[in-house]
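All remarks here apply to the structure that follows.
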Amino acid sequence: MSQPTAILERVAAPQGRPVAPDQSFGITDTAAPEQLLFSVVPSIAGEVALLWTSAGVLRVASLTNLSTSRSGLPSPEWTREAVGRAWREAPWEAPRKATPGAAVCVALMEGRAGLHLVDERIFTSSFQEAVLRLVATIQSGCTMAYGEVARAVGRPGAARAVGRVMSRNPVPLLIPCHRVVAAGGDSGGFSFGGGREIKEHLLAREKEALRAQAGEGVGWAVDASGSGSPG
């Protein structure tokens, strides 16, 4: 079995049975079925808007484009766009404010990938799911190029399609799309608030932390074959 195939099978494997909200999420406010919960929380990239259900996070969004009502809750238009396709697949109650528990807060504050914290309704196609699951495995301080991700999910030549998935990632930071870069070492675009500047800041911070942990002068980037190259 080739290394890319092994990677794809590993990341696409079922993640196990859903965990009760108080175990996986630490939600302090009991959520009714299909109840949307909302909060603004700190993260490694500044404050973010968080939209979630009892099943996990549906959206991590920059405050730049957040539209709220007088109550401080997100507007219906923003909410429909944030929830995406899942909005059309189930009846939803209007968002209400709640407090996420430690697991998601720590993941956002420390820049930890948190695929286990997301609501799987964020997945909209088999290709998008395979890409996002793979990207969630990229370790802090490491990067993969768009083309490497495409090859790893069995779609060589689909680098641009990978880029589109990254630009529409509903849960940046929890699925670290900033760790996917352009060929030749360029950081590439970043649709999250702050754009390329915040992407480069996050990558530099993560690589510096990796160097400090390793006690070496260079960070290493994982390529599609599982080997490393200087980051």
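The values are calculated or read from the model by the stated rules, or taken from the named source; none is laboratory data. Just so it is clear, the model here is predicted, and its values are computed rather than measured. As a convention, Cβ positions derive from the backbone with ideal geometry for all residues, glycine included, and neighbour counts pool all protein chains shown.
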Original post:
Going through the stretch 122-152 one residue at a time, which ones are over 14 Å from the mean Cα position of the chain (by Cα) and not aliphatic (A, V, I, L, M)?
Top reply: THR124, SER125, SER126, PHE127, GLY141, CYS142, THR143, TYR146, GLY147, GLU148, ARG151
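Checking the conditions here, which among ARG70, ARG80, ARG85 is out of contact with any helix residue (DSSP H, G or I) (no Cβ under 9 Å at 6 or more places or on another chain), outside the structural domain of GLY141 (by TED's automatic domain parsing), charged (D, E, K, R) and without any contact (Cβ under 8 Å) to a residue 60 or more places away in the chain? Working first, answer last.
Numbers: ARG80 fails: out of contact with any helix residue (DSSP H, G or I) (no Cβ under 9 Å at 6 or more places or on another chain); ARG85 fails: out of contact with any helix residue (DSSP H, G or I) (no Cβ under 9 Å at 6 or more places or on another chain).
ARG70 is the lone residue from the list that is out of contact with any helix residue (DSSP H, G or I) (no Cβ under 9 Å at 6 or more places or on another chain), outside the structural domain of GLY141 (by TED's automatic domain parsing), charged (D, E, K, R) and without any contact (Cβ under 8 Å) to a residue 60 or more places away in the chain.
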Original post:
For residues in the stretch 53-105 being in a helix (DSSP H, G or I) and of a type in the set (Asp, Glu), which is surrounded by the most Cβ atoms within 10 Å (Cβ to Cβ)?
Top reply: GLU81
Original post:
Of all the residues that make up the stretch 90-126, how many are farther than 25 Å from THR79 by Cα and at pLDDT 95 or above?
Top reply: 0
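Restricting the search to the stretch 89-107, which residues are in contact (Cβ under 8 Å) with a residue 40 or more places away in the chain and within 21 Å of VAL165 (Cβ to Cβ)? Don't jump to the end; show me each part of the working.
Filtering the stretch 89-107 for residues in contact (Cβ under 8 Å) with a residue 40 or more places away in the chain gives 90-105, 107.
If the condition is that a residue be in contact (Cβ under 8 Å) with a residue 40 or more places away in the chain and within 21 Å of VAL165 (Cβ to Cβ), then ALA107 is the only one that fits.
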Original post:
Say we look at the stretch 141-200 and pick out the residues that are touching a residue at least 40 places away in the same chain (Cβ under 8 Å) and β-branched (Val, Ile, Thr); which of these is surrounded by the fewest Cβ atoms within 10 Å (Cβ to Cβ)?
Top reply: ILE198
**OP:** Of all residues in the stretch 106-146, count the ones that are in a loop (DSSP other than H, G, I, E, B), within 19 Å of VAL48 (Cα to Cα) and not hydrophobic (A, V, I, L, M, F, W, C).
**Re:** 4
